[in-house]
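Down below is the structure, laid out as structure tokens.
The values are calculated or read from the model by the stated rules, or taken from the named source; none is laboratory data. Please read these numbers as outputs of a predicted model, since none were measured by experiment. Please note: Cβ atoms are built from the backbone with ideal geometry, for glycine as well, and neighbour counts cover all protein chains shown. Protein only, heavy atoms only, side chains kept; ligands, DNA and RNA dropped before computing areas. Shrake-Rupley method; radii C 1.70, N 1.55, O 1.52, S 1.80 Å.
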Amino acid sequence: MDLNLTPQEKQFRDELRLWLLQNSPRDWHEKLAAEEDQHKRFAFLRAWQKKVYEGGWAGVSWPRPYGGRGATLIEQVIFTEEMTRAAAPALPGILGLALVGPILITFGTEAQKQRHLANILSGDEIWCQGFSEPNAGSDLAALRSEAVLEGDQFRVNGHKIWTSFGWIADWCALLVRTNPDVPKHKGLTFLLVDMRSPGVEVRPLRQMTGESEFNEVFFHDVAVPLENAVGKRNDGWNVAISTLMHERAMLGAGLQIGFRRQFDRLVELSQGLCTNGRPAASDPQVRQKLAQFHAEIEIMRLNQMRAISRIAHRGAPGAEGSIQKIFWSELNQRLQQFAMELLGPRGQLTRGSPHALDEGEWAYSWLRARGNTIEAGTSEIQRNIIGHFVLGLPKSY
Ligand SMILES: Cc1cc2nc3c(=O)[nH]c(=O)nc-3n(C[C@H](O)[C@H](O)[C@H](O)COP(=O)(O)OP(=O)(O)OC[C@H]3O[C@@H](n4cnc5c(N)ncnc54)[C@H](O)[C@@H]3O)c2cc1C
């Protein structure tokens, strides 16, 4: 593949750069870090997504009739990279933008598309993903939350866990069992559930970063209209697998720019820090590790371009997303571990501590990175997928 941008891609990138320069908020990181109320922090991010939408930059690769820009997947990646490069705030409706929207575009009815896509783009409606359960994570098809069809509506009962954005979500992409009498993958249905429906109960879970980003969600006799099923009834596994493939293929896009930013900052910090009585930057071991990270971040960028180019040719993400997922999640954990070793005790100070480096970014990133090899499928599961679907090895389970 040709890794150089085409004239059209360059024009897209330059237009976006200019727009971000003129519109991206300044000093938002400090302001948001100082804001204790997570609802107020979220409202700020939501307003930012609205601005991106009104500027015509949300869902750039979505078809024009649904509010997108009709751009290519490479341009979608350029968008994510440029947002990170400009240090612009992240878009809070990420699950709607990266997962639910593409799934509705592929599997949804026209009515579902008309009802949801524009609100996903504008951030007026935030989505969560209700897949995992206390006894169904890696073995997702073992889930037990059930939906019973009564006339023209489902009655949903069950318990989901680790539901990111559950505390603020307006809608949930919910995977439930609709037929208990067939093999486990065959009796599932993918539903769109209004989180304001009577019987939905959300309980936030506190994480080691101090945030309550994810939640437990309980469904007690929740009524969901039949027309909110995506794809065929009992064929939810296909829709769910496609969702997971989008998650693995697209959520890593642009991350290497953030890693590169942190890497550059570590190089800068290593010049002022002392190890063994000399500047850390002249220590051969530190230099060796920095060189290794420099190379690995570049490998990640090239792998991402390769994966996107394959998706563009094939029309849907495939198992190569698992390669990217393992690579970025394990690289991030190694990078954060190195940062902790380089920065010493000061790196461990969290936001709000008087001597915290970079507003506690390093301590936060180290803690948050622990979940990277679990979320969107654990490293062991990604290795199983690569072994079986990419290398053609027999199933290990
Ligand atoms: C930050 C974060 C955000 C998340 N957000 C969401 C969300 O928004 N919505 C949602 O539905 N879920 C979410 N999850 C849940 C996530 O998808 C699950 O945690 C993940 O799929 C693993 O499931 P589990 O936790 O039940 O672990 P288990 O499946 O119980 O696994 C436990 C251990 O056993 C290993 N293991 C299991 N099966 C195999 C096998 N066949 N071969 C080899 N090893 C195996 C696993 O790798 C792991 O090490 C999130 C998780 C995190 C950490």
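What to note about this one:
- Among G321, G352, G123: highest mean-square fluctuation, GNM of the chain, C-alpha pairs under 10 Å: G352
- What the Cβ-Cβ distance of D152 and R64 gives, at R0 = 51 Å and to the nearest 0.05, is a FRET efficiency of 0.95.
- Acute angle (nearest 10 degrees) that the helix 7-23 long axis makes with the longest principal axis of the chain, alpha-carbon atoms: 80 degrees
- Whichever aspartates and glutamates have a C-alpha closer than 13 Å to that of K325, once near sequence neighbours (fewer than 8 apart) are set aside: E247, E375, E380
- Residue separation of L302 and T6 scaled by 0.36 nm, minus their Cα-Cα distance, works out to 104.9 nm of gained length.
- Cα gyration tensor shape for region 131-230, rounded if a/c is under 1.5, else prolate or oblate: oblate
- Averaged per residue, the chain has 48 square angstrom of accessible surface, using a 1.4 angstrom probe with ligands and nucleic acids left out.
- Of W171, W57, W19, the one that fluctuates the most in a GNM where the chain has Cα springs shorter than 10 Å: W19
- Percent carbon-and-sulfur accessible area, region 149-219, ignoring ligands, DNA and RNA, probe 1.4 Å: 52 percent
- For Y53, net neighbour charge (Lys/Arg +1, Asp/Glu -1) across residues whose Cβ lies under 13 Å away: +1
- Structure remark: mean-square fluctuation, Gaussian network model of the chain, C-alpha springs under 10 Å; the largest value among K186, K50, K31 belongs to K31.
- Accessible area per residue was computed with a 1.4 Å probe on protein heavy atoms; H159 scores about 50 Å².
- Rounded tilt (10° steps) of 255-272 against the dominant C-alpha axis of the chain: 20 degrees
- In summary, the lysines within cross-link reach of K186, defined as a Cα separation below 22 angstrom excluding same-chain residues under 8 places away, comprise K160, K232, K395.
- Gained length - E211 relative to H39, 0.36 nm times residue gap less alpha-carbon distance: 60.7 nm
- Computed from Cα positions, the angle between helix 284-314 and the longest principal axis of the chain comes to roughly 30 degrees.
- In straight-distance terms, cross-link reach from K50 covers every one of the lysines whose alpha-carbon lies under 22 Å from its own, apart from those fewer than eight places away in the same chain; here that gives K31, K40, K113.
- Solvent-free Debye scattering, log10 I(q)/I(0), computed from the Cα coordinates of the chain at q = 0.09 Å⁻¹: -0.57
- Oblate is the label for region 1-131. Its Cα gyration tensor axes, ordered a ≥ b ≥ c, give a/c of at least 1.5 and b/c at or above a/b.
- Ordering H294, H246, H116 by accessible surface, largest first, gives H294, H246, H116; the 1.4 Å probe counts only protein heavy atoms, with every chain in place.
- Rounded to the nearest 10 Å², the accessible area of F42 at probe 1.4 Å: 10 Å²
- Once the C-beta distance of I94 and E201 is scaled by a Förster radius of 30 Å, the resulting FRET efficiency is 0.80 to the nearest 0.05.
- Gyration tensor verdict on region 109-187 (Cα atoms; rounded if a/c is under 1.5, prolate if a/b is larger than b/c, oblate otherwise): oblate
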